Each structure stands twice: as structure tokens, then as C-alpha cells.
Amino acid sequence: MTDLTSAGGALRRRPKQRAGLAGALPVFFIGLFFIYVLAFLGGPALSILFQAFRSSTGHFTTQYVDQLFGHYYAKTYATTAALSAVTALIGVVAGLLTAYQIQRQSTPGWLRNAVNSFSGVAANFAGIPLAFAFISTLGTQGMLTLWLKAAGIDIYGAGFSLFSFWGLVLTYLYFQIPLMVIIITPALQGMRREWREAAMGLGGNGWHYWRHVGIPILTPSVLASFILLFGNAFASYATPYALTSGLVPLVPIEIGNLMSGNVIADPQLGNALSLGMIVVMGAAMTLYTLLQRWTGRWQKR
Amino acid sequence: MARLEIRDVNKSYGVQHVLRDAGLQFIEGELVTLLGPSGCGKTTLLRIIAGLETADSGAVLLDGTDITPMPPNKRNMGMVFQAYSLFPNMSAADNVAFGLHVRGAEKGGRQHRVGELLDMVGLSAFAQKYPHQLSGGQQQRVALARALAIRPDLLLLDEPLSALDARVRVQLRDEIRRIHEETGVTTIFVTHDQEEALSISDRVAVMNRGQIDQFDSPHAIYQRPATPFVAGFIGVSSCLSATVVEAGMVRVEAETFAAPAARGLAAGTAVSIYLRPEDVRLRATAGAPQPTAGRRGTVRTHTFMGALTRVTVRLANGSDIFADLATPEAGDFPAGAEIAVDWNADRAQVLPAAREG
């Protein structure tokens, strides 16, 4: 290639230049993504780790982490985990059934589109607006509460409170179920009609199909969805804060209080609580990975 | 082995009439192909036989018993789909065992049958592989073994080769024929590929717009197409418009030719003459006598096909006629050459033109 004319050389170099640019673009964008992740996830996580074991004077200490095992904070973690697990479980079951129904051939297209669109919106509807919507509907003076009362059903008299654990469950489900619909729909769409027909043709019935084919194929996706919903609920802050103002002890609200100085400022303890959150999510992810390996051992690896 | 009969089956999807009075009778142990272009209703008919679709009217009879209302899991029919029908969460062996398992077969017998079937399709070494670890051809072999494991009364193959590459397709086609001969199970094979249909079948049902146009042996389908559609769909034909002038004689333009196939047709009937390219002969015109059944034409193109070359000749009336010649012989008729066209009158198929379309 050394004896190329300048014109010819220029012509032949262009594909190389294009190839170089094509190779550089992914590196550039993926690099940006990694910088972003490191700056706003890896960095803060490391900072939390160090701060959780550092006293206000800068020395190593375990006093903040030790406090996590005390009665109050252990209960806070247990409540947060229970709330997350309950809403994730109900969300997974209800979302899966909803998504399955809307994917059926007999479901009208307009209804499928409506549910998909609504799910996209509702899955992202959280925080103060969601809390307000529920207070104005199911609060002590909420529209539905008063209607039910007029109809002779006093839900608050019967022990229900929107500002309790089960009130939070009800509120969280508003975004958990649609989120499940969104994330499980691709998995359901991937279920091939031929699998069911083959199972039927071979003498099986609906139960045989679901027991041996449908459920095992969906299980890894359902487990992944459960973890996502669990994490989504575990990290929720604005919605429970606006609803309960801390009446129900939840880890994100405790961290917010300690960091912002609401009641008492103790950033080191806040960091320790954050570290606990990371550990809980890490444990959930590890459990998921193990279960996923077991249930999805037939998948491509 | 089982005897299947389809009686006047109709099926519509909305305003689209997919099957129109489709009727067929199968002989025990034969391999029949439903052949036709996309949308002709062949897969719908197969799915009605399998019980996966419901006919609007008509009946499906197996050994004289009306099975039309019977659900698919009670019909004892093995089915192989186009592709991707293996259960991805099960190994090849478990896929083959599925039908036996749900039917309550005991484990020992099940394992023996699975081994037997995987051996038959040449995949004993792949028993523990998952579908994604198998090639397309291997997956279809496993699907075939799975369908046969239940000892079906009927084996239904819904374009099982269409997703495979050409070489594997031919291999598996031959294997299906071999397995059919070994098992003797009555088999219905759906395809849009005429070569596949003609090479594998005992009989072929050519379908067009929801109807069975012709149901006959591959040889008869090729040599004696019953309708203009079959003549045009199976193989390559040259078509000449003609009119019957008297028993066994037709006129094309101003020339009259012998056409034994036109014997039953009344004088004045408009007909189409279908000529297979292997029945057409070309001759140089210089110094030759006028052929008894021929026309003059000009060589237009050559299409090299290996041992044969297809020569396209433009006749004086503007019609194109194809002739398959041995490749060295085709060199004698270069493009632009004026030549005489001749054909084997006994093998020319004559069909009423009014039925076309």
C-alpha cells in the first residue's frame, strides 16, 4: 500500500477511518456510561462503606453498624423488608395474571393497548402525587371512605388505616402491579403457541403444560421481576413519607431523617443504615442469582 | 396405522374463506402431502385434523369414527411444527418422553422408548442436550422422535423443513421418508415446496384457494395436471392458447397440431396447451423440413442449470416457450438464432382455458 497515489490512498483510507470511528463510538458511549455509574453508584457506595465505619472524629468504629442490630433498627429493617416482600409478591401475582390475560388472543386489541399504556404511566406514578391521590380517595375524609361510610361500611371503624402498614401495601400496589405488567409482558410474548399445542397433541392438558413447560420457562423471569419489585418498594421514600410521616418505621425514611437533621442529625448512622440497605439488596440479588441458576439451568449460558 | 377421511370441511376467518368443501380420503400407512402456495389453506386443514382448529362445517373421520368434536389431546396424533416447538426447558430425552410421561407410562418403558426413538433419528448422543444446544435439523429430528414416541395413529408434519438450510432439508426429507417406511404410520406432510412434495409422497393433494385441485400420485400430478393452477404450480410449463378444431386436433394461431389430450373436448373450445420443457425440442431451420407439430421462433436466453440448460424461445405470436437441453447441445442454439420448435404431442396437456384463474 506504500505505492498508492495520493488520490487512491485517500480513497482507500476512508473505510479504515470509518471503521475506526465505528469502533470508537461504542467505546465512547459505554465509557461515558461506566463513568456515570462509577460517579453516582460506585463512588457513593464506597463512601457509605467508609463513612459507616468512621466516627465523627475520623477514627474506625463499629458503633453505628452495631446499632443496626438494636431492637428499633432491626424492626425498621424487618418492616421495610416485609412491606417490600408483600407488595412484590402481590404485585408479581396480580401483574402476571393481568399481563397473561391481556396477552391472550381473545383479548380485544383496544383493551390490550389501554392496559399497556396505563401500566406505563402508573408504574411511574409515585411520591407525593400518589400519596395525595390515595389520601383524597381512602384517607379518613377520602371520597371512597365517605361513600362507603354512607353505604354503612366504616372501613376505619373496622381497623383499616391508609397510614398503616396495610395502607402502604395498598398504595404501593398502585405502581407495583403495573410495573410487573410492563416487565413480564416480553416474557409472556416469548411463550410460543407451538409449545402449548405440542403439549396438547402429545396427550397433555392445560395443567400438564403449565406444570412442565409454562411455569418452568417463566420462573426465571418471574424471580427477576420479584427482585426488581422488592428493590423498588425497599427504596421508596416519598410515597411512605407523605402518607405516614414516619408512623411506620421504614429504612429510607430513617436515613432521610438522620441525613437531613429532621429530629436528630447523625450522618454516620445514616451511612450505616444505607450500608444495611445495600447488604439487604445484595443478599436478595445473591438469592436471585442462585435461584435463577437453578430454575433457568436450561437457558443459554 | 389409521384411515383418515376429510369430508367437505369449510373454514372461514371473518370474511376470508380459507377452506371450501375440502375432502380427502387417505389410505392406511401412506404419506400424503398437502401442497400449495401460502394462504391456500393447507396448514389450516392440518390443524383441523389435529384438533387445533375447529371446522365451520364438515367432518374428520378416523377409522370411520367422527373425531371432529374431539379435543387434540384425545386424538393420538403426533405433530411436528415448522420450528421452535421443542420445550426449551427440557433436554432432548425429556422432550421425547413428555408424551409418554403425561400418558402415565412407567419410567422403565419410557426410557426404553426414548432411547429407541433417539436412536431412530440418530441422536442418541444428544439425549441430554437442551434445544438451544442443537442445530435446527437436530431439533426437528427430536421433534419427530417426540411425535412418534406416543405411537400416534397419524403423524402430522407442518412444514417441518421450511426453517432449515437447503442441504439439511434434503437430508431430513430423506430421513422422514425412511422413518415413515420403518414405522408405517399414516403421515400428512404440509409444504409449499413442490420438489419436497414430489420426492417424499405416496400421493399429493394440491390445494388452491381453500380447495383440493388434484389428489393423485406425484407422477400423475406432474404428467397430467388436472387444472391450469396445478399445471402452472407444479414444475415449469410453457402455456400456449389454442382452440379445439376437431377430436385430438387444436389450432394455435393459424397452425393446426395433433393434441391427443384434447380428444374429449368439443370443437371450438378455447384451451391452453401446457408443455414441459423436457418435452420440447429445438431444431435448426436451415434446410430442414417443416415439423409436424412445431413453430418457428427466436432463441432469447439461456439459463445454465448444470447438466441441463433451459433455452427460452420467443415464438412468432409473442409467446415464450422453454426447452431443457443437455448443456452441450444448448450451445447449438445461440441467442438470436432462428429455430424450429417441436414437442411431444402425446405429452402435451390440454385444459379448457375457461377454468384458468
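Using only side-chain charges placed at the Cβ, +1 for Lys and Arg and -1 for Asp and Glu, the dipole size of the protein assembly as shown relative to its Cα centre rounds to 1380 debye. With Cα atoms defining each centre, the range B:225-286 and the range B:307-357 are spaced 12 Å apart in the structure.
Counting every C-alpha pair in the range B:101-165, the share spaced more than 19 angstrom apart comes to 35%. To the nearest 10, the accessible area of B:S38 is 110 Å² with a 1.4 Å probe. In whole Å, what is the distance between the alpha-carbon centres of the range A:137-201 and the range B:71-93? Cα centroid of the range A:137-201 versus Cα centroid of the range B:71-93: 37 Å apart.
Other residues within the sphere of radius under 14 Å centred on the Cβ of A:L269, judged by their own Cβ, net out at -2 (K and R +1, D and E -1).
At the residue level, A:I102 shows approximately 10 square angstrom of accessible surface with a 1.4 angstrom probe and all protein chains present.
Rolling a 1.4 Å probe over the protein chains gives A:R196 an accessible area of about 90 Å². Remark: the range B:13-25, residue by residue, has Karplus-estimated 3J(HN,Hα) of 10, x, 8, 8, 8, 8, 10, 10, 6, 6, x, 8, 10 Hz, where x stands for each Gly or Pro and the curve is 6.51 cos²θ - 1.76 cosθ + 1.60 at θ = phi - 60°. The per residue volume of the convex hull around the alpha-carbon atoms of chain B is 161 Å³. For B:L34, the amide hydrogen comes within under 5 Å of the amide hydrogens of B:F189, B:V190, B:T191, B:A205, counting only partners 5 or more places away or on other chains and with H modelled in the peptide plane.
For chain A, the relative contact order comes to 27 percent (Cα pairs under 8 Å, sequence separation of at least 6). Translational diffusion of the protein assembly as shown was estimated from the Stokes-Einstein equation, with Rh taken as the Kirkwood radius over Cα pairs; at 10 °C and 1.306 mPa s the coefficient is 50 µm²/s. Using the average count of surrounding beta-carbon atoms within 10 Å as a protection proxy, the listed peptides A:243-255, A:83-95 rank, highest first, as A:83-95, A:243-255. Residues whose amide H falls under 5 Å from that of B:D56, counting only those 5 or more places apart or on a different chain, are B:N10, B:K11, B:S12, with hydrogens built in the peptide plane.
Applied to the range B:148-165, the Karplus parametrisation 6.51 cos²θ - 1.76 cosθ + 1.60 on θ = phi - 60° returns per-residue 3J(HN,Hα) values of 7, 4, 7, 6, x, 6, 9, 10, 10, 10, 9, 6, x, 9, 5, 8, 9, 6 Hz, with x for Gly and Pro. Just so you know, the Cα atoms of the range A:15-122 work out to an Rg and Dmax of 24.2, 67 Å.
Between B:T186, B:T298, B:T43, the GNM of chain B built on Cα springs shorter than 10 angstrom shows B:T298 fluctuating the most. Taking every DSSP beta bridge that has both ends in the protein assembly as shown, the antiparallel portion is near 75%.
The relative contact order of chain B comes to 16 percent, based on Cα pairs under 8 Å that sit 6 or more residues apart. In whole Å, how far is the Cα centre of the range A:67-135 from that of the range B:157-223? Taking the Cα centre of each part, the range A:67-135 and the range B:157-223 sit 52 Å apart. Straight-distance candidates among the aspartates and glutamates for linking to A:K16, with alpha-carbon spacing under 19 Å and chain neighbours fewer than 8 residues away dropped: A:D3. Along the range B:133-139 the Karplus relation, 6.51 cos²θ - 1.76 cosθ + 1.60 evaluated at θ = phi - 60°, assigns HN-Hα couplings of 8, 10, 6, x, x, 5, 4 Hz to successive residues, with x for each Gly and Pro.
Spherically averaged projected area of the convex hull of Cα atoms, chain A: 28.0 nm². Under 5 Å from the amide H of B:V271 lie the amide H atoms of B:A242, B:T243, B:V244, B:A353, each residue being 5 or more positions distant or on a separate chain, with H modelled from the backbone and absent for Pro and chain starts.
Could you work out, residue by residue across B:73-86, how many beta carbons of other chains sit within 10 Å of that residue's beta carbon, and then give the average as an integer? Other-chain Cβ atoms within 10 Å of each residue's Cβ, averaged: 4. For chain A, complete DSSP H runs whose alpha carbons reach 30 Å or more along their own long axis and whose mean Kyte-Doolittle score is 0.5 or higher are A:6-37, A:71-103, A:165-189, A:267-295.
Solvent exposure of the protein assembly as shown amounts to 49 Å² per residue of accessible area, where only protein heavy atoms count and the probe is 1.4 Å. List the pairs from A:K75/A:K149; B:K74/B:K107; B:K11/B:K74; B:K107/B:K129 whose alpha-carbon separation is above 29 Å, in the order I gave them. Pairs exceeding the cut-off: A:K75/A:K149. Sorted on the mean count of surrounding Cβ atoms within 10 Å across their residues, most packed first, peptides A:265-272, B:60-67 read A:265-272, B:60-67. When only the Cβ of Lys, Arg, Asp and Glu is charged (+1, +1, -1, -1), the dipole of the range B:104-218 relative to its Cα centre reaches about 500 debye.
Counting charges near B:E181 (Lys, Arg +1; Asp, Glu -1) among other residues having Cβ under 12 Å from its Cβ returns a value of -3.
How are the Cα pair distances of the range A:13-52 distributed, in percent, across 10 Å bins from 0? In order of increasing distance, the bins hold 28, 27, 20, 15, 8, 2 percent.
The values are calculated or read from the model by the stated rules, or taken from the named source; none is laboratory data. Since this is a predicted model, take the numbers as computed values, not measurements. Glycine gets a Cβ as well: all are built from the backbone with ideal geometry, and neighbour counts include every protein chain shown. Side chains included, ligands, DNA and RNA excluded: accessible areas come from the protein's heavy atoms. Shrake-Rupley method; radii C 1.70, N 1.55, O 1.52, S 1.80 Å.
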